[in-house]
């Protein structure tokens, strides 16, 4: 078992199957030693329910943080689906976090920390990354957050 998969097990995280694309795009593009992951949302919680809604309206910052953390799990699942071995990740380079929010919601970074914190918990210093966290008017299916990821990998 890889170091990263052992760490996931320590954290009690079971990765779902890699999320399938929902439209006409590919989930991962590689150029050189960088991989670009298309946007991923929180998908289903362990109890089968889903995060839906808008921050600043019917979701709290804590609920948004939890949705971002689940999104991180789905991003890691996509990495695993593409790479096979998560130890091939040498650096999480950048996240773009889009938060479904009301116009006056000013805390997209606090919500996005759910993803950032888990990346560091799982990958250690290799999980520290640059990030943009923005509020948007809407996201597909009413999900509260969608995150893109760029990672550096080894062969």
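We did not get these values from a lab; they are worked out from the coordinates using the rules stated. Predicted, not measured: the structure shown is a model, and the values here were computed from it. No Cβ is skipped: glycine too gets one built from the backbone with ideal geometry, and neighbour counts run over all protein chains shown.
For region 52-69, give me each residue that is surrounded by fewer than 23 Cβ atoms within 10 Å (Cβ to Cβ) and in a helix (DSSP H, G or I). Scanning region 52-69 gives 61, 62, 63, 65, 66, 69.
Quick grid of which residues meet (1) without any contact (Cβ under 8 Å) to a residue 12 or more places away in the chain; (2) buried (at least 17 other Cβ atoms within 10 Å of the Cβ); (3) out of contact with any helix residue (DSSP H, G or I) (no Cβ under 8 Å at 6 or more places or on another chain); (4) not in a strand (DSSP E or B):
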position	(1), (2), (3), (4)
12	yes, no, yes, yes
22	no, no, no, yes
26	no, no, yes, yes
47	yes, no, yes, yes
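Would you be able to tell me the number of residues in region 28-45 that are under 19 Å from residue 139 (Cα atoms) and surrounded by 16 or more Cβ atoms within 10 Å (Cβ to Cβ)? Result for region 28-45: 7. Here is the figure for region 30-45: residues that are out of contact with any strand residue (DSSP E or B) (no Cβ under 6 Å at 6 or more places or on another chain), in a loop (DSSP other than H, G, I, E, B) and under 15 Å from residue 90 (Cα atoms) total 1.
Looking across 56, 41, one residue alone is within 18 Å of the chain's Cα centre (by Cα) and either farther than 22 Å from residue 113 by Cα or touching a residue at least 24 places away in the same chain (Cβ under 8 Å) (or both). It is 41. Condition first: in contact (Cβ under 8 Å) with a residue 12 or more places away in the chain, within 16 Å of residue 2 (Cα to Cα) and over 13 Å from the mean Cα position of the chain (by Cα). Can you find one or more residues in region 126-142 that meet it? Within region 126-142 (the criterion being in contact (Cβ under 8 Å) with a residue 12 or more places away in the chain, within 16 Å of residue 2 (Cα to Cα) and over 13 Å from the mean Cα position of the chain (by Cα)), the answer is yes, since at least one residue qualifies.
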